[in-house]
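Q: One structure follows; several queries about it will come next.
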Amino acid sequence: MKKSEVPQDKSALEYFTREVCYVKNEDGHYDTELSTGWEAKKVALDEAWKEIKQRTFDAREKIKRGESSPILFFMEEKLMDFTVLASYTGIWKFRIKRHLKPGVFQKLNDSVLKRYADAFEVSVNELKNFKA
C-alpha cells in the first residue's frame, strides 16, 4: 500500500488512537503512516459500543427491579469482568458475585465500598446512592 492509500475513515476512536500501517514510500522502501481506521473497523467498533450501551442499560434495569447492586452497572460501564475487578480491588471473584446481590451490597462496610469506588473511579457516596 502506498502512503496516499492509507485509509483515514472516521471512527469512534479517531481522537484517541491511531494505527501504524506499513506503506511503501516514493522510493519503494517501507515506511510507517498513521491511520484513523477504515470502514470495516468502524462498523465493528460501532456495533461493539452499541452492545456496551445495551449492557449498561440492562444493568440499570436490573438495579431498578432490585435484582442486582450498583456494582453490576459500574462493571459494565468500565468494561470490567469479575477477574479484572478482582485484580483491581483485591476481592475474590466469588465475593464480588455475592456483592451483586442487593441485600448483601447494602450491608457492605465503607472500607469494602472504598475498594470498589476506587476501582470504578467514583466516590463511595456515588456507589452507595446510585440512582438507576
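Nothing in this text is a laboratory measurement; each read-out follows from the coordinates by a stated rule. Bear in mind the structure is a predicted one, so any value in this text is a computation, not a measurement. Virtual Cβ from ideal backbone geometry, glycine too; neighbours counted across all protein chains shown.
Q: Counting Lys and Arg as +1 and Asp and Glu as -1, each charge on the Cβ, what is the dipole of the chain about the Cα centre in debye, to the nearest 20?
A: 1160 debye
Q: Measuring from label point to label point, each 7 Å out along Cα→Cβ, what is the LYS24 to ASN109 span in nm?
A: If labels sit at LYS24 and ASN109, their model points lie 6.9 nm apart.
Q: For the charge dipole of region 66-128, defined by +1 on Lys and Arg C-beta atoms and -1 on Asp and Glu C-beta atoms about the Cα centroid, which residue among LEU72, ILE96, VAL122 has the Cα displaced farthest towards the positive pole?
A: Towards the positive end, the residue furthest out is ILE96.
Q: Out of every Cα pair in the chain, what percent are spaced more than 22 Å from each other?
A: The answer is 52 percent, as a whole percent.
Q: Determine the gain in length on full extension of the stretch SER123-VAL84; use 0.36 nm per residue of separation and subtract their C-alpha separation, reporting nm with one decimal. Each step should come with its number before you reach the end.
A: Working: separation 39, 0.36 × 39 = 14.04 nm, distance 1.94 nm.
The span from SER123 to VAL84 would gain 12.1 nm if fully extended.
Q: Right, here's the next one. What's the angle, to the nearest 10 degrees (0 to 90), between helix 110-120's Cα axis and the longest principal axis of the chain?
A: Between the helix axis and the principal axis of the chain, the angle is about 20 degrees.
Q: If a paramagnetic tag sat 7 Å from the Cα of GLU51 along the Cα-Cβ line, which residues of region 12-43 would have the backbone N under 20 Å from that point?
A: Counting only backbone N, you get 12-14, 38-43.
Q: Before rounding to the nearest 500, sum -39500 (n - 2.57) across all DSSP H runs of length at least 4 in the chain and divide by the residue total; then give [θ] at 222 nm in deg cm²/dmol.
A: Numbers: 7 runs with 70 residues, N = 132.
For the chain, the value works out to -15500 deg cm²/dmol.
Q: Then there's this: Can you give me the distance in nm between label points at ARG95 and THR32, each placed 7 Å from the Cα along the Cα-to-Cβ direction?
A: That separation, rounded to one decimal, is 4.3 nm.
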